[in-house]
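What follows is a short report on a single structure.
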Amino acid sequence: SSGINAEWPLRPGELERKEVFRIHMAAIKLDKSGLEEYVERLAQCTPGYSGADIANICNEAAIHAARLAKSEVTKADFEHSMERVTAGLERKHPSITKEEMRLSAYYVAAQALVSWILPSLTPVLKMSISARVNNPLGFVQFAPRKDLLATKDHLLDLLCRGAAGKASQILFFQEHTDQARKDLKRITDVAYTMIADHGMGASAPNMSFIEVRQNEGRRYNLWSNNLQHEMDAEVRSIVQEQYDKAFKMLENNKDLLEILSEKLFSEKTLNEDEVSALMEKHGVVKYV
């Protein structure tokens, strides 16, 4: 692997990642069916991964296949290794109740459903409510975007998806849990960045602010209190609009969301093909 690290950039691009995957895969016995397509998907799903990271994914896949006494490493083994590398080791939570797992399933499934509906977002690759070291209440992994630039519409769609988990729990259980904390913080950060940094709001449409300027040890805001109040109000407004949009979207697809959530609760993990099959079988009501 030292030769790989010397030959390829430290953070290889997608084309380079494909070649690195092929090189490491050459050392293990593979199920060749659909291999090239899966190499492409692995390369797409690993932006920023180094040669060593890619080697780790391939090694984990081979170890998983060996544990199951399989004669060949398959797509399922690579799915397992990707999940382990990105989400962390699976760990048991003996104290977690079935009701908590169901709440988590509805939270995760809602984000997958909203991502399926909104045009600028990518579909889910895998979602799970199995506890992980990095994600104690499960996780959802989305296909990466190829676009380098983010439009206002895309950022609003991200806010909508981030609000979907809380909206789902309110819709089905009439209350939400602190599982939403991380997403709510991310929503708040993105909304303020849109308004204060990217000029995507009405309060400061052609301006971009840094938070403070230091002068002789003192700190100064670069905007007035009045402008701060305007930006605060605009952020609250767009966040509420996207929460309401998520809630309405889930309400329009309540039966499908329940089917998807209960399937996730039962199976604990669903991959891209399983999610797609459910969406296509039951149909999605688009948001108007």
Residue satisfying all of: in region 41-73; charged (D, E, K, R) and outside any helix (DSSP H, G or I); surrounded by the most Cβ atoms within 10 Å (Cβ to Cβ) among these: Lys70
Boolean, Ser168 is at pLDDT 90 or above, in a loop (DSSP other than H, G, I, E, B), polar (S, T, N, Q) and in contact with a helix residue (DSSP H, G or I) (Cβ under 7 Å, 6 or more places away or on another chain): no
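Residue-by-condition table, conditions (1) open to solvent by 90 Å² or more (accessible area, probe 1.4 Å); (2) at pLDDT below 90; (3) assigned to a loop (DSSP other than H, G, I, E, B); (4) touching a Leu at 6+ places or on another chain (Cβ under 8 Å):
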{"residue": "Arg219", "(1), (2), (3), (4)": "yes, yes, no, no"}
{"residue": "Glu234", "(1), (2), (3), (4)": "no, no, no, no"}
{"residue": "Phe247", "(1), (2), (3), (4)": "no, no, no, yes"}
{"residue": "Ile259", "(1), (2), (3), (4)": "no, no, no, yes"}
{"residue": "Leu264", "(1), (2), (3), (4)": "no, no, no, yes"}
{"residue": "Leu270", "(1), (2), (3), (4)": "no, no, no, yes"}
{"residue": "Val275", "(1), (2), (3), (4)": "no, no, no, yes"}
{"residue": "Lys286", "(1), (2), (3), (4)": "yes, yes, yes, no"}
Hits in region 220-244 (condition: polar (S, T, N, Q) and closer than 12 Å to Ala202 by Cα): Ser237
Of all residues making up region 19-35, the number that are on the phi > 0 side of the Ramachandran plot and assigned to a strand (DSSP E or B): 0
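The values are calculated or read from the model by the stated rules, or taken from the named source; none is laboratory data. Nothing here was measured: the structure is a model prediction, and the numbers come from that model. As a convention, Cβ positions derive from the backbone with ideal geometry for all residues, glycine included, and neighbour counts pool all protein chains shown. These accessible areas exclude ligands, DNA and RNA; they are computed on the full protein's heavy atoms, side chains included. Shrake-Rupley method; radii C 1.70, N 1.55, O 1.52, S 1.80 Å.
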